[in-house]
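Taken together, the values in this text are just the output of simple stated rules run on the coordinates, not laboratory data. Please read all numbers here as calculations on a predicted model, not as lab measurements. Please note: Cβ atoms are built from the backbone with ideal geometry, for glycine as well, and neighbour counts cover all protein chains shown.
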Amino acid sequence: MKIRNRLNPSNPCFSFEFFPPKTDAGTANLLQTLEDLAPLEPGFVSVTYGAGGSTRDRTVDLVTRIKRDTGIEAMAHLACLGHTREELRELLRRLEAAKIDNVLVLRGDVPQGASADTLANTDFRHATDLVRFIREEDFDFSLGGACYPEGHVETRSRDEDLLHLKAKVDAGLDFVITQLFFDNAFYFDFVERARRVGINVPIVPGIMPITNHEQIQRFTRLCGATIPMRLALQLEQLKDQPEALVQLGVAHATVQCMELLSRGVPGIHFYTLNKSPATRMIVSALRART
Ligand code: FAD
């Protein structure tokens with residue numbers, strides 16, 4: 001199933017993102033998470049990719065296994081950083097052979113501690129180059145890409161970032177998924193600006209339920225997402241009460257999702273970090289309301 005056909009504001013789909021575990025224990029945990037989340041009938045799930053190829057086989061294997069064994073539509077992320085054109089062609093052929101219909105096309109971030117060789121081996125500098133390549137090679141994938149309501153961390157201006165996104169979409173994307181955000185105003189403003197410059201594909205909001213104080217500080221530092229002042233103060237007050245902090249994170253994300261749905265988003269993508277409880281609570285609450 002092509003994800004582009006599943007994104008519909010009159011029947012929005014929930015999707016869940018996972019990363020490929022490094023250990024057997026991590027894999028067992030992820031399989032349990034999948035089992036816990038399957039009853040929520042996700043429109044699709046996605047599996048991240050370590051730029052430079054650090055998860056090359058694990059991403060392909062996991063996405064193949066999920067689709068084959070659970071029947072849930074599974075999308076592979078693919079990052080061009082650290083890969084030659086030939087390596088990417090080979091990976092795309094493997095995905096095609098595994099009957100994967102959807103790819104999230106990314107540049108990727110250089111993994112911490114990666115050597116300079118990672119970049120030396122790179123044929124494509126931007127995700128747009130990989131989108132163009134996939135379209136030119138006539139692969140029949142539905143293609144998604146990443147976008148940034150608050151602007152990408154490396155960009156000089158949000159307007160410039162938006163024009164780069166426009167070029168990426170024009171190269172052949174069917175939909176985009178946003179970086180996590182905690183204030184819906186960023187999303188609504190971004191969608192408005194995107195439509196104004198002629199970006200007409202579905203823009204799926206990406207939501208990460210906050211479940212750990214330190215972790216969310218680290219993530220937001222890396223990706224540049226803003227935690228609104230009031231939420232930041234509440235999180236600070238609860239940083240030594242893990243259960244209360246999870247409840248706050250779930251409540252905040254649920255309210256965010258309710259507003260997004262009421263304003264007609266085509267779907268909501270959850271960054272699960274391979275854990276089920278928070279996402280399950282949020283989606284169950286959203287389903288109960290409809
Ligand atoms: P690009 O679209 O190439 O943009 C990167 C930067 O380059 C931006 O600042 C953009 O404005 C600029 N730019 C684009 N085109 C040009 C141009 N022609 N000239 C000059 N500047 C330009 N990372 C992973 O490693 N693995 C994953 O699985 C993964 N999954 C993700 C899923 C989602 C939904 C999101 C939002 C992000 C994900 N990321 C992942 C993170 C992503 O790889 C990083 O944010 C990365 O820094 C940028 O990737 P991109 O595909 O957006 O890059």
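Checking the Cα-Cα distances for Lys22/Lys275; Lys67/Lys275; Lys2/Lys275; Lys166/Lys275; Lys22/Lys168; Lys2/Lys168 against a 23 Å cut-off, the pairs over it are Lys2/Lys275; Lys166/Lys275; Lys22/Lys168. For the chain, the mean residue ellipticity at 222 nm estimated from helices alone is -14500 deg cm²/dmol, where every DSSP H run of n ≥ 4 contributes -39500 (n - 2.57) and the total is divided by all residues, rounded to the nearest 500.
Length gained on full extension, Ala232 to Glu90, computed as 0.36 nm times the residue gap minus the Cα-Cα distance: 46.7 nm.
May I ask you to work out the translational diffusion coefficient for region 46-205 at 37 °C, viscosity 0.692 mPa s, via Stokes-Einstein with Rh from the Kirkwood sum over Cα pairs, reported in whole µm²/s? The partial results should precede the final answer.
On the way: Rh = 16.2 Å.
Once the numbers are plugged in, D ends up at 203 µm²/s.
In this simple spin-label model, placing a label point 7 Å from the Cα along the Cα-to-Cβ direction at both Glu160 and Phe188 gives a separation of 3.0 nm.
The HN-Hα couplings worked out from phi for region 139-150 by the Karplus form 6.51 cos²θ - 1.76 cosθ + 1.60 (θ = phi - 60°) are 5, 9, 9, 7, 10, x, x, 9, 9, 9, x, 9 Hz, whole numbers, x standing for Gly and Pro. Based on alpha-carbon atoms, the Kirkwood radius and the radius of gyration of the chain give Rg/Rh equal to 0.94.
Name all residues of region 260-289 having a backbone nitrogen under 14 Å from the label point set 7 Å from the Cα of Ala244 along its Cα→Cβ direction, giving them as ranges. None, by backbone N distance to the label point. Listed from fewest to most Cβ neighbours within 10 Å, the set Glu86, Glu73 follows the order Glu86, Glu73.
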